[in-house]
Amino acid sequence: MYYYLLYHQNRKKIFLKKQAHINLFIASRGHHEASWRHPDSSPYALTDIEYYKGVTQKAEQGLFDSIFLADHLSVRGEVRRTARTWLEPITVLASLAVSTSRIGLIATASTTYTEPFNLARQFASLDHISNGRIGWNIVTSWLADAALNYGDTRQVSHSDRYERAEEFMTVVNGLWDSWADDAVIDDRNSGIYADYENINPIDHHGEFYDVRGPLNVPRSPQGRPVFVQAGSSETGRRFASRHAEAVFTAQMEKKTAQDFYKNIKSLVQSEGRDINQTLILPGLSPVIGSTESEAKKIARELDDLSDPEVGRERLSHRFGGVDLSHLSMDDPLSPEDFPDPETVQAARSRTEVIVGIVKREKPTLRQLLSKLATARGHFLFTGTPEQVADLIQDWLNDGVSDGINLMPPLLPHVLDIFVDEVVPILQKRGLFRTSYEGTTLRSHYGLVRPNKKKITNV
């Protein structure tokens, strides 16, 4: 259902429109790979916390639900020609938590190269610091370069990553539930700080982890962070259906986005979960101008600053490092030019998007790289604020999304236009909040606070 039905005292029916959830995905000086070179991009270094504070505060001014920081666990040669370094996201969120008051804060952390106890402790601490505004983007890291940084000489297979992730979720959920909500008494008169009977070890013994517990941080305001996930492979979708409360997804066509939306909601329902407790937020990367011609001019400026060889290198890594040096820039591509996505141990869902583009459009390599330069397989749009608002409304009404994961190709320029011009249009149409009603990320997303569960030993 895309509209909610209410009654006044006179029993007159009133239909309320579904409202959009909006997350800001902060990356580099914008999502276009050449954004760091554009004169309208941020003058701050990507290691300057003032940059992150500025764009996050702008998103909070725009009443966004949340911001999101991705992460990378290695550095590749492409850093010579594209801005691919930034700060560790959990650390950044600690700063943003005290420089903002209402907006949700989501950080990426890997189940492959992080210990469950450390992660549970960090995110519980952040949720306390932010008064309940934290989300965790769950990733199963795959880059061989990352493995080498953690003393592993082999690349973990796609299936093994998700098996480890499932046990990881069992452990961290147990740790977050190891303290009862009322375990902290903090009674100065009696001299009792905590009811130790309400703090329990989890005594987990599994295939990948042995963790006694309990966590050494009390239960946080949200009970645990909001779970966000972005895997769209079949295994990734199943994982999302069991755990995710928000799903970020890359879709380049409305029809495939609709199919994905229906599939995830169906899978969530099959797991016995409420479909309204899992939001689908496809990436949208809009170039916005006061006129279409102005927007197209900005898009051309960004494309002209791109280096096709950077794109070729990044495309190679998408397919696990396959050699693409033999491909001509200006000959039409075919799916046979790339490995079968089913055989790729990297981010499989994204390779499926890329091969899908090749099948449908038969682009040259230069044309494909141009598409991927802006947002790496996410939905691209060039137009006016009114047209962007029309697109978001269409997606809400037609079962494409529950909102968007906004990926500005140029920061802060496009974000400023979106907040100042697109948001008021959405508000006028009744499609976006005019004030924050709650104080937590869960309240922004319309999610329930999870009850404490007793974890059975494995």
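From the list PRO412, PRO385, the lone residue that is within 30 Å of SER41 (Cα to Cα), in contact with a Phe, Trp or Tyr (Cβ under 8 Å, 6 or more places away or on another chain) and in contact (Cβ under 8 Å) with a residue 60 or more places away in the chain is PRO385.
Which ones in segment 176-201 are within 27 Å of GLY104 (Cβ to Cβ), among the hydrophobic types (A, V, I, L, M, F, W, C) and more than 26 Å from the chain's Cα centre (by Cα)?
Answer for segment 176-201, where residues must be within 27 Å of GLY104 (Cβ to Cβ), among the hydrophobic types (A, V, I, L, M, F, W, C) and more than 26 Å from the chain's Cα centre (by Cα): TRP179, ALA180, ALA183, VAL184.
Scanning segment 91-109 for residues that are under 13 Å from the mean Cα position of the chain (by Cα) and either surrounded by fewer than 18 Cβ atoms within 10 Å (Cβ to Cβ) or more than 20 Å from GLU437 (Cα to Cα) (or both) yields ALA107, THR108, ALA109.
If a residue counts only when it is of a type in the set (Lys, Arg) and either modelled with pLDDT under 95 or surrounded by 16 or more Cβ atoms within 10 Å (Cβ to Cβ) (or both), which helices (runs of 4 or more DSSP H) contained entirely in segment 393-452 have at least 1 such residues?
441-445
For TRP86, indicate whether it is crowded, with 17+ Cβ neighbours inside 10 Å, part of a loop (DSSP other than H, G, I, E, B) and not polar (S, T, N, Q). Spelling it out, TRP86 is indeed crowded, with 17+ Cβ neighbours inside 10 Å, part of a loop (DSSP other than H, G, I, E, B) and not polar (S, T, N, Q). Taken as a whole, segment 205-217 holds at least one residue that is modelled with pLDDT of 95 or more, surrounded by 16 or more Cβ atoms within 10 Å (Cβ to Cβ), of a type in the set (A, V, I, L, M, F, W, C) and in contact with a Ser or Thr (Cβ under 8 Å, 6 or more places away or on another chain).
For segment 364-396, what are the residues that are among the basic types (Lys, Arg) and under 19 Å from PRO282 (Cα atoms)? Those that are among the basic types (Lys, Arg) and under 19 Å from PRO282 (Cα atoms): LYS371, ARG376.
Residues that are assigned to a loop (DSSP other than H, G, I, E, B) and of a type in the set (A, V, I, L, M, F, W, C) within segment 65-83 comprise ALA70, LEU73, VAL75, ALA83, listed in sequence order.
The values are calculated or read from the model by the stated rules, or taken from the named source; none is laboratory data. Because the structure is predicted, anything quoted here is derived from the model rather than measured. So basically every Cβ, Gly included, is an ideal-geometry build from the backbone, and we count neighbours across all protein chains shown.
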